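Please treat every number below as a calculation from the coordinates, not as lab data. These numbers come from a predicted model, not from an experiment. Here Cβ is always computed from backbone atoms with ideal geometry, including for glycine, and neighbour counts include all displayed protein chains.
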Amino acid sequence: MTVLFRAMLIALATMLAAAPAGAQNYPDKPIRLIVSIAAGSVTDVIMRAAANELGPRLGQQLVIENKGGASGIPAAQACATSPPDGYTLCVIYHSTLVFNPLLFDKLPYDPDKDFDLITRLFFLIEAIAVNPSLGVNSMADLKTAAQAKPQAFNYGTLGPGSYPELFLKWVNNQWSTSIVAIPYRGGGPIAQALAAGDIQIGNMGLGNFLGLAQGGKLKLLAVSAPKRSALAPDVPTFAEAGIGGYPGRGWWGLAAPKGTPKPILDKLNAEFVKLFSEPKFLAFLDQQAVVSAPGTPADFAAFLKEDRAQAASLIKLANTPRTDYKPDQQ
């Protein structure tokens, strides 16, 4: 046995012995959570609360890093290129793994090869809100106003190809209008712009709009849920408001860079699923207008397959062609 071959065997044995130990001792330093939306948005609020709960349980701080805008692409790229050691986690959503691969060529990440799934976290209850100065009280009123002045209204989105922008294209197609898309980095900035009158229409998670609506600075017109939300019982559902034909629902989940050790993924799955199933945290999520939906990585993978098929039909309805992703879209 040559000296070189013996050294290679020793190195391999050392690596094999260290891998389980590393997973067993995980985590031994703070964990970064890259959140694909701006600070102050509903998902950001939820993940900060989750980090506060899970930090003591894991024995290390979970540090939020917000990377909003451009349909979650910069955040996905940052996560995909991070070391697969369990110390970078990706808080992802429907655009990251479902819509972006159907809408963009030349993505700076591979949605199918660059991530290890951990769990789906929750579904959004979304709402359509308008600035009260519009003087509309229903979706029918908004349709009439938008048809009378096809290009007079601005609508907040998360950038080209994002779920809100697809919804807008669908609405413009259904109503024969030309409402203009204005990109922002999250639901919080959209809500503030809406209240300030910088835009007239927004469609994001209900939790982004509730406080401002209760203060009379926004008007809620509809919510995307099977039944009315207890947080806004006077607001009709999409179906009741006459827009029930829209296929799709927003969601958020958790992933890690591809190659993260399975024992670490299993530990993270167990901790997040447990937290997102606890009565106290579920009550908190109810107040944020989201529906908890954790599960196994296999459950998440099966859901993504179905969701991408549904997204393809939505993109066809919205008449949205594929395009090359350009970093200046951020």
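Some observations on this one:
- Quarter the surface of the alpha carbon convex hull of segment 191-257 and you get the mean projected area, 6.2 square nanometres.
- Percentage relative contact order, the chain, counting C-alpha pairs under 8 Å, at least six apart: 27 percent
- Per-residue ellipticity at 222 nm computed for the chain from its helices equals -13000 deg cm²/dmol, with DSSP H segments shorter than 4 residues left out and the rest contributing -39,500 (n - 2.57).
- For segment 276-324 and segment 115-133, distance of Cα centres in Å: 9 Å
- The alpha carbons of segment 278-327 stretch over 44, 26, 25 Å along the principal axes, in descending order.
- With 10 Å bins from 0: P(r) over segment 106-257, alpha-carbon pairs, percent: 11, 40, 34, 12, 3
- Charging the Cβ of each Asp and Glu at -1 and of each Lys and Arg at +1, and nothing else, the dipole of segment 126-224 about its Cα centre rounds to 80 debye.
- Residues in segment 229-272 that a label on Ala309 would reach, taking backbone N under 20 Å of a point 7 Å out along Cα→Cβ: 246-251
- Highest-fluctuation residue, Asn319, Asn172, Asn208 considered, GNM on the chain with Cα pairs under 10 Å: Asn319
- Taking 7 Å steps out from each Cα toward its Cβ at Ala239 and Lys262 produces label points 4.2 nm apart.
- Charge dipole (debye, nearest 20) of the chain; +1 at Cβ of Lys and Arg, -1 at Cβ of Asp and Glu: 100 debye
- Couplings 3J(HN,Hα) of segment 136-144, computed from phi: 9, 10, 7, 5, 5, 4, 5, 4, 4 Hz, in residue order, whole Hz [Karplus 6.51 cos²θ - 1.76 cosθ + 1.60, θ = phi - 60°; x for Gly and Pro].
- Between Gly55, Gly161, Gly205, the GNM of the chain built on Cα springs shorter than 10 angstrom shows Gly55 fluctuating the most.
- Shown is the FRET efficiency for Ser138 and Lys316, computed with R0 = 22 Å from the Cβ-Cβ distance and rounded to the nearest 0.05: 0.20.
- Antiparallel DSSP beta bridges within the chain, as percent of all bridges there, nearest 5: 55 percent
- Along the axis of the charge dipole computed for the chain (Cβ charges of +1 for Lys and Arg, -1 for Asp and Glu, origin at the Cα centre), the listed residues Ser224, Val290, Pro27 are led at the positive end by Ser224.
- Distance histogram in 10 Å bins (all Cα pairs of the chain, percent per bin): 6, 25, 32, 21, 9, 4, 2, 1, 0
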